[in-house]
1. Within the group Val116, Val123, Val74, Val180, which residue is part of a helix (DSSP H, G or I), at pLDDT below 95 and of a type in the set (A, V, I, L, M, F, W, C)?
2. For region 40-56, check the following and say yes or no: at least one residue is part of a loop (DSSP other than H, G, I, E, B) and surrounded by 19 or more Cβ atoms within 10 Å (Cβ to Cβ).
3. Given Leu129, Leu111, which one is assigned to a strand (DSSP E or B) and under 27 Å from Ala45 (Cβ atoms)?
4. Go through (1) closer than 15 Å to Gly71 by Cα; (2) modelled with pLDDT of 95 or more; (3) not in a helix (DSSP H, G or I) for Leu190 and report which single condition fails.
5. Among all residue pairs at least 6 apart or on different chains, which show Cβ distances below 6 Å where the first residue, located in region 114-135, is within 11 Å of Phe98 (Cβ to Cβ) and the second is at pLDDT 95 or above and surrounded by fewer than 18 Cβ atoms within 10 Å (Cβ to Cβ)?
6. Taking Val116 as the residue in question, decide whether it is under 17 Å from Val84 (Cβ atoms) and buried (at least 19 other Cβ atoms within 10 Å of the Cβ).
7. Which residue, of Val64, Val58, is touching a Leu at 6+ places or on another chain (Cβ under 9 Å), at pLDDT 95 or above and at negative phi?
8. In region 138-187, which residues are charged (D, E, K, R) and surrounded by 18 or more Cβ atoms within 10 Å (Cβ to Cβ)?
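The values are calculated or read from the model by the stated rules, or taken from the named source; none is laboratory data. Not measured: the values here are computed from a predicted model. Every residue, glycine as well, gets a Cβ built from its backbone with ideal geometry; the counts of neighbours run over all protein chains shown.
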Amino acid sequence: MRPSEVSRIFRASDAWQTGHFELTSGKHSQDYFQCAKVLQYPTLASRLCEALAEPFFVDEPTCVAAPAMGGILVGYESARHLGVRSIFAERKEGKLQFRRSFQVGPQDRVLVVEDVVTTGGSVHEVVTLARDAGATVVGIGAFVDRSGGWASFDVKFHALLSLQVKTFDRDNCPLCKEGVPLVKPGSRSL
């Protein structure tokens, strides 16, 4: 799937939004990717996740792991296309953990997926969880890499759409200075 098609799908489903947003990282941005807006359409979710999973078939993952909330559906549908199981990590006391009896171990080859990567923080947490359990992390996939290449990983990384989206520290945000109302749509506090 070409980036232009991914961009078209995100804009047509209103998943690519503009305004003044506080991201999970705490930074502010004029652009926000509300992937739930595209994932509400199973046919689109299936197409995007198939394209996301495709480059990782050769890596023979045995499991797909994702951070909650945004990565759950991406992980599940990508795992379905790969024919492997899907698990997710949830925040408890501010830290991602595998709960619900989800486990990985030395026998597992884990693909970590996420809906949107800004700093890569949540992805790094899931990678660490998998590695601490003895699993091999074979790659990382995301619908959108909005870091412009700044998020870095020590394994194969593939995003369907890579963009350099401006972000601002709260104290240096021109949207705040203009008085544009701030929206905090992320799920980090869940």
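1. Val123
2. In the first step, residues of region 40-56 are kept if they are part of a loop (DSSP other than H, G, I, E, B); the result is 40-41.
Then keep just the ones that are surrounded by 19 or more Cβ atoms within 10 Å (Cβ to Cβ); that gives none.
No, region 40-56 contains no residue that is part of a loop (DSSP other than H, G, I, E, B) and surrounded by 19 or more Cβ atoms within 10 Å (Cβ to Cβ).
3. On the way: Leu129 fails: assigned to a strand (DSSP E or B).
Answer to the selection: Leu111.
4. Exception for Leu190: condition (2).
5. Ala133/Gly105
6. no
7. On the way: Val58 fails: touching a Leu at 6+ places or on another chain (Cβ under 9 Å).
None of the other options fit; the residue is Val64.
8. Passing the criteria: Asp145, Arg146.
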